[in-house]
Amino acid sequence: MVWNIYILKCGDGSLYTGITNNIKKRLIAHTSGHGAKYTKGRGPLEHVYSETAIDRSAAQKRESSIKKLSRAEKLRLIAASPVLSRT
């Protein structure tokens, strides 16, 4: 099963990093207020970054490493990635 590590840009400008095995379902949960407590009330949310991992363990390790980055480093990571399709 493929896992996704993703970053959302919140309406207040903050960045939220998470993992999921169903990115579309998870984004719907976040935008409808049923995602993480952090993203509730911080909309609108924009999906700005995504990468895949081979399993949950690898995804959790990558999520942890991204969360340790400074805001500037996260923005550079986002800027260096391909533009996401907005569907």
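The values are calculated or read from the model by the stated rules, or taken from the named source; none is laboratory data. Keep in mind it's a predicted model, so treat the numbers as computed, not measured. All Cβ positions, glycine included, derive from the backbone under ideal geometry; neighbour counts span all protein chains shown.
Summary of computed values
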read-out: Selection count, the stretch 57-87, where residues are in a loop (DSSP other than H, G, I, E, B) and at pLDDT 95 or above; value: 3
read-out: Of all residues in the stretch 9-56 being part of a strand (DSSP E or B) and of a type in the set (G, A, S), the one that is farthest from E73 (Cα to Cα); value: A53
read-out: Residue in the stretch 6-54 that is farthest from V83 (Cα to Cα), counting only those that are under 12 Å from the mean Cα position of the chain (by Cα) and β-branched (V, I, T); value: T39
read-out: Selection from the stretch 1-33 of residues that are among the aliphatic types (A, V, I, L, M) and touching a residue at least 12 places away in the same chain (Cβ under 8 Å); value: M1, V2, I5, I7, L8, L15, I19, I23, L27
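Each row is one residue, and each column tells you yes or no for (1) farther than 19 Å from K68 by Cβ; (2) surrounded by 14 or more Cβ atoms within 10 Å (Cβ to Cβ); (3) at pLDDT below 95; (4) not charged (D, E, K, R).
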position: K9; (1), (2), (3), (4): no, yes, no, no
position: T17; (1), (2), (3), (4): no, yes, no, yes
position: N22; (1), (2), (3), (4): yes, no, no, yes
position: A29; (1), (2), (3), (4): yes, yes, yes, yes
position: K37; (1), (2), (3), (4): yes, no, yes, no
position: Y49; (1), (2), (3), (4): no, yes, no, yes
